[in-house]
Amino acid sequence: MMNRLLQLLFFALIVKPLVLIVLGLNLRGKKRLPLNGPAVIVANHNSHLDTMVLMSLFPLFKMHKVRPVAAADYFLKNRFITWLSLKIIGIIPLDRGGNVDKNTIFDECHKALDNDEILILFPEGSRGQPDRMSSLKKGVYYLIKDRCGVAVTPVVMHGLGYALPKGEALLVPVNVDVIIGPTIDKTTNADEFIDKTMDAFDELNEHCITRNA
């Protein structure tokens, strides 16, 4: 209960004001944002702000149901970051080092979906250069392939790679696009899913004002 209260205060007093006041947010397609799980959001990844911005779009009373999937080697690297990541942000840590059996790597994600939670995943795997799309990994497909009724919603963000670039701690006020698309149709193989996801990202990129300015 205490952790949930701290999470509400963190997002209400810090994250949401930061997103609304410091960043100029161009948000499109908010009605497509899944408010109930089980559901998966897939987004491009250029900044640590990506997760905070996506979570800030949800009502505070839904925040505890939104679970970003994040790299264990980074977000569990010291005591404070571990506490903030697990107890306040509510991440599901994922081992990227190959030390976990591939058959069990998504166990915690499946538990979250069974609990009607909403997962945030970045299929690029890690942050790339500011606002440049890297190749997509197939993990999301294998997570959902045997699950019925789990919608996958694509989101493209543009500008956050310049607001808080990799390796920087100083936030730079910039205009940011967040474009939410329709759910991605289910496919029967990983390559087709990757193609559909890339097509969705390409389509959403066309609606980014900052990219096309």
Worksheet entry | segment 2-212: antiparallel DSSP beta bridges as a percent of all, rounded to 5 | 15
Worksheet entry | Vicinal HN-Hα couplings computed from phi for segment 180-188 (Karplus, 6.51 cos²θ - 1.76 cosθ + 1.60; Hz; Gly/Pro x) | 9, x, x, 4, 7, 4, 5, 10, 9
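Of Lys30/Lys65; Lys31/Lys111; Lys77/Lys138, which ones are farther than 21 Å apart at the Cα?
On the way: Lys30/Lys65 17 Å; Lys31/Lys111 26 Å; Lys77/Lys138 26 Å.
Table pairs above 21 Å Cα-Cα are Lys31/Lys111; Lys77/Lys138.
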Item to complete: Please list the non-local residues whose amide H lies under 5 Å from the amide H of Arg67, H modeled 1.01 Å from N, same-chain partners needing a gap of 5 or more.
Response: Ile118, Leu119, Ile120
Fill in: Cα gyration tensor shape of segment 1-71, rounded if a/c is under 1.5, else prolate or oblate by comparing a/b with b/c
rounded
Discussion item. What Kirkwood Rh does the chain have if only Cα atoms enter the pairwise 1/r average? Answer in Å.
Written reply: 17.5
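What ranking do 108-117, 76-85 get when scored by the average of other Cβ atoms within 10 Å per residue, highest first?
Top to bottom by mean Cβ count within 10 Å: 108-117, 76-85.
Quick note: the coordinates plus some simple rules give every number you see, no bench work behind them. Here the structure is a predicted model, which is why all the values come from computation and not from measurement. Neighbour counts run over all protein chains shown; Cβ positions are idealised from the backbone, glycine included.
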